[in-house]
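S.K.: Dumping the structure here so I can ask a few things about it.
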Amino acid sequence: MLTRTLIGLSCLQLMACNLKLADTTETQEESTCDINLSNLAGTEWVYAEALPGDQGEKPQYKTRVRFDNSDGKLGAKYTVSSLSDVYDYKCELSEAGGSSDQQLVCKQDASIDDFCMAVMAGGERCALKPMQRINSTWTKEEIEATAKKTKEAIAQYKAKGEWDQLRARFNSLLNKIQGVLYTAVDNDKCRLMITDNYVTVYNGVKIEDSNPAGINAYDQNEGKGLLFKACTAPYIFDTDSADFPADPGSVTMTYQNKKTRPTGDPIHFWMLYGDMRMAQEGCSYSYDVWVNYQLKESGLTPETVDVRGGKELRWHHEHTFSTKSDMLNPHVVSFDITKTCGDKSDNVVACNAVVTD
């Protein structure tokens, strides 16, 4: 994995130079591709995973991105190949070398606290010049306030004997502080090419490096919308039985225990913990079921059972997987749960992963 500093770079160097996918040749002029980087709002894109040999490609839904307009500005929700996380990015169109080099640059908000800590862990001062080399929009007042707070935190770490270990973690190429996406159009195949990077600080110098997803092709999702909510409650458990577990406390997740289930066997998914287990008087409950980030069922209502202490909600879904999976790319089942009490609504996304062999 190659790293590079951002000092003195031009044309967004690696990204703009490697992603010159649109040229001015006669072939491009004859292209019928109508993808426009300035008009991506409302579209979803899925990583086209290349299969071994001549097997072609398949959509890898865990790596997906959706572009949306928020307050009139283009943004993106991106999963970074995570099984359960979704991250927000803000996007701007860039024409590094003219219209033929047009690309969309999307970045997560830069955390001044995280960057200040990384700078100090690398032996540099969290001061005006080094911090504004990272982000020129940070003011003197912001930087001074953050530096004071960070020094106090470091003093507490030192007092507890934790600073040496934490300093190694903060001053590391693996300390991913800010995500960056570079998107260009592949006119030949009429798809997006997206480079997935992150920014950190190492030994006081701002560094940009590649996330594991790297540079990949993305095809537009033409079906129903995909799930772009992060899992906030990993409380779904998988069982063999259609009956609610008699002893929920004894149920474990097969994926966490690195165990598998046979392909073709029905699997029952239950939410066994969390705030949504017991019904609150005057409130209603519903949920949608997503399998591998694709909508499977919607508008479901959990079964309500009278138990000692109140009414228990039993959230359940049965599914049979017809394809194999592995620990790196397991099947993922999510319950998107909504609780409505009068004019107030709460939302929880619960999830679980299973591997079928």
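S.K.: Take the residues of region 231-243 that are crowded, with 16+ Cβ neighbours inside 10 Å and assigned to a loop (DSSP other than H, G, I, E, B): which is modelled with the lowest pLDDT?
M.R.: Pro234
S.K.: Filter region 169-200 down to the residues that are in a loop (DSSP other than H, G, I, E, B), closer than 27 Å to Phe115 by Cβ and either in contact with an Asp or Glu (Cβ under 7 Å, 6 or more places away or on another chain) or not basic (Lys, Arg) (or both) and list them by number.
M.R.: If the condition is that a residue be in a loop (DSSP other than H, G, I, E, B), closer than 27 Å to Phe115 by Cβ and either in contact with an Asp or Glu (Cβ under 7 Å, 6 or more places away or on another chain) or not basic (Lys, Arg) (or both), then Asn171, Ser172, Leu173, Leu174, Asn175, Ile177 are the ones that fit.
S.K.: Might you check whether a residue that is over 30 Å from Gly42 (Cβ atoms), among the charged types (D, E, K, R), surrounded by 16 or more Cβ atoms within 10 Å (Cβ to Cβ) and modelled with pLDDT of 95 or more occurs anywhere in region 284-295?
M.R.: Looking through region 284-295, none of the residues is over 30 Å from Gly42 (Cβ atoms), among the charged types (D, E, K, R), surrounded by 16 or more Cβ atoms within 10 Å (Cβ to Cβ) and modelled with pLDDT of 95 or more.
S.K.: Would it be correct to say that Tyr202 is closer than 30 Å to Leu104 by Cβ and free of Cβ contacts under 8 Å to residues at least 40 places away in the same chain?
M.R.: So Tyr202 fails the test.
S.K.: Could I ask something else about it? Considering each residue of region 205-223, count those that are of a type in the set (Asp, Glu) and over 16 Å from Lys58 (Cβ atoms), and give that number.
M.R.: 2
Table: residues versus (1) in a strand (DSSP E or B); (2) of a type in the set (Val, Ile, Thr).
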position	(1), (2)
Gln256	no, no
Thr263	no, yes
Phe269	yes, no
Glu281	no, no
His317	yes, no
Val333	yes, yes
Asp336	yes, no
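S.K.: Could you pull out the residue among Asn221, Asn187, Asn216, Asn175 that is in contact (Cβ under 8 Å) with a residue 24 or more places away in the chain, under 30 Å from Gly123 (Cβ atoms) and not aromatic (Phe, Trp, Tyr)?
M.R.: So the residue among Asn221, Asn187, Asn216, Asn175 that is in contact (Cβ under 8 Å) with a residue 24 or more places away in the chain, under 30 Å from Gly123 (Cβ atoms) and not aromatic (Phe, Trp, Tyr) is Asn175.
S.K.: In region 338-356, which residues are closer than 21 Å to His268 by Cβ and outside any strand (DSSP E or B)?
M.R.: Answer for region 338-356, where residues must be closer than 21 Å to His268 by Cβ and outside any strand (DSSP E or B): just Val355.
S.K.: I need a count of the residues in region 296-315 that are assigned to a loop (DSSP other than H, G, I, E, B) and either modelled with pLDDT of 95 or more or closer than 16 Å to Val354 by Cα (or both).
M.R.: Residues flagged as assigned to a loop (DSSP other than H, G, I, E, B) and either modelled with pLDDT of 95 or more or closer than 16 Å to Val354 by Cα (or both) within region 296-315 amount to 3.
The values are calculated or read from the model by the stated rules, or taken from the named source; none is laboratory data. Computed from a predicted model, the values in this text were never measured in an experiment. Note: ideal-geometry Cβ built from the backbone for every residue, glycine included; neighbour counts use all protein chains shown.
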